[in-house]
Amino acid sequence: MIQFFWYSYAAFLATSTIAFFIHGGYKSPIFLVDLAFTIIAWIGLFGFVTHSQIFTAIVWRVILAVVILWDLLFFFFIKSRFSVEASEPDTASMTIASAALTLLFLSPLYYALFHYSF
C-alpha cells in the first residue's frame, strides 16, 4: 500500500510538471533552473521508491540541503520577481499562502530524499 502511495505521488508530480511545461510555465531561464532542481529531486525519489542506489548517501545529503534551500528561496523570493503576472499589494499574503501550500505538498518528496540520504 505504501509503495502505491509513492508511485502515485511520483506520477502526480510528473504529471503536474509536464502540464506546467506544456502550458508555457517554463519560459524564463530561472524556471528552467527550478526544473533542473526538480528533476534531480525526482531521481532521488525514484531511487527511494525503487530501493536502488543512485549516487552515494553523501551526495544525496548535499542534494537534499540544496533542494530545500532552493525551494524556499524560489517560492518565497525568486518566483515573484520573475513571474509574468503584475503583482498587486493584496496578493502578497496569497503568494505566501500558495508558497506554503506548495512546500507542504512537497514535504513527502523531502521525506523521501531524507530517508534516501540517511
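Quick look at the values:
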{"item": "Counted residues, segment 1-34 - those being of a type outside the set (Gly, Ala, Ser) and farther than 22 Å from Phe114 by Cβ", "result": "13"}
{"item": "Filter result for Phe105 (free of Cβ contacts under 8 Å to residues at least 24 places away in the same chain and under 11 Å from the mean Cα position of the chain (by Cα))", "result": "yes"}
{"item": "Set Val59, Val49: member being modelled with pLDDT of 95 or more and β-branched (Val, Ile, Thr)", "result": "Val59"}
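The values are calculated or read from the model by the stated rules, or taken from the named source; none is laboratory data. It should be emphasised that the depicted structure is a prediction, and the values quoted were computed from it without experimental measurement. Here the Cβ is made from the backbone with ideal geometry for all residues, glycine too, and neighbour counts use every protein chain on show.
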